[in-house]
Amino acid sequence: AQKVTQAQTEISVVEKEDVTLDCVYETRDTTYYLFWYKQPPSGELVFLIRRNSFDEQNEISGRYSWNFQKSTSSFNFTITASQVVDSAVYFCALSESPAGGTSYGKLTFGQGTILTVHP
Amino acid sequence: GAVVSQHPSRVICKSGTSVKIECRSLDFQATTMFWYRQFPKKSLMLMATSNEGSKATYEQGVEKDKFLINHASLTLSTLTVTSAHPEDSSFYICSARTVNWHEQYFGPGTRLTVT
């Protein structure tokens, strides 16, 4: 069974600080996808990134960066120079690629990390 | 990117009544749609997988007679909460999968309050 763990329940930082959100996953599949989503107070999930299991390259998008390490089954997310608008709940998720069936693509979410950025 | 809508965005109903929530993919065909439930300050839990033209696949512990799912077309799936009770109050989110199984788009969610 697949599992995603976000050990940090809540993080509080002051604006302009860097912050890293941890994500550890478990899966038996060799092919899978990892995701990060942002959920602001409005509730709508905002897609941030998708990474497949064969691509371990780190990625940077503006102030966001992701570190994928298969050796430790981790997919951590760093926000550089955090801003108040970054305050939200962040979810890490895993989607496996089963051999068949009609429910492939379903996501298993971590517990979420509540990030609060203070001015 | 692809757009998924949900209707209504908020609904308040009385205990014992049924509520229908619609999930539509607006600019693509979704052979598979997923229904998630989120309690306050909690994670999203998959309730069921809805495939067009076939019966939904429910996750363990989810009552299929209470949460009726219909996926009548490639752009519409509905979730009906039957005989709703206060404990059914939650945030319900749908997502639609494209032909590429790893691409999934989420709706804005429906907040259900049962009084």
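Taken together, the values in this text are just the output of simple stated rules run on the coordinates, not laboratory data. These numbers come from a predicted model, not from an experiment. Methodologically, a virtual Cβ is constructed for each residue, glycine included, from the backbone with ideal geometry; neighbour enumeration extends over all protein chains shown.
Numbers at a glance
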read-out: Residue of B:Ser54, B:Ser95, B:Ser25 that the Gaussian network model of chain B assigns the largest fluctuation, springs spanning Cα pairs under 10 Å; value: B:Ser54
read-out: Check: the protein assembly as shown dipole with +1 on Lys, Arg Cβ and -1 on Asp, Glu Cβ, in debye; value: 560 debye
read-out: Trypsin sites (Lys or Arg not before Pro) within the stretch A:1-48, DSSP loop, no more than 15 other Cβ atoms inside 10 Å; value: A:Lys16, A:Arg28
read-out: Between the stretch B:23-77 and the stretch A:30-85, the Cα center-to-center distance that results, in Å; value: 25 Å
read-out: Likely footprinting exposure, B:Arg24, B:Arg111, fewest C-beta neighbours within 10 Å first; value: B:Arg111, B:Arg24
read-out: Proxy reagent accessibility, fewest Cβ within 10 Å first, across A:Ser42, A:Ser71, B:Ser89; value: A:Ser71, A:Ser42, B:Ser89
read-out: Chain B: relative contact order as a whole-number percent, Cα under 8 Å and 6+ apart; value: 37 percent
read-out: Most mobile listed residue (A:Ser73, A:Ser61, A:Ser87) in chain A, GNM with C-alpha springs under 10 Å; value: A:Ser61
read-out: Alpha carbon convex hull of the stretch B:2-108, projected area averaged over orientations, nm²; value: 6.5 nm²
read-out: A:Val14-B:Lys66 pseudo-label distance in nm [points 7 Å out on the Cα-to-Cβ vector]; value: 4.8 nm
read-out: Orphan Cys of chain B, criterion: no other Cys C-beta under 4.7 Å; value: B:Cys13
read-out: Contact order relative to length of chain A, as percent, for alpha carbon pairs under 8 angstrom and 6 or more apart; value: 37 percent
read-out: Ascending count of other beta-carbon atoms within 10 Å, so fewest first, for A:Asp55, B:Asp88; value: A:Asp55, B:Asp88
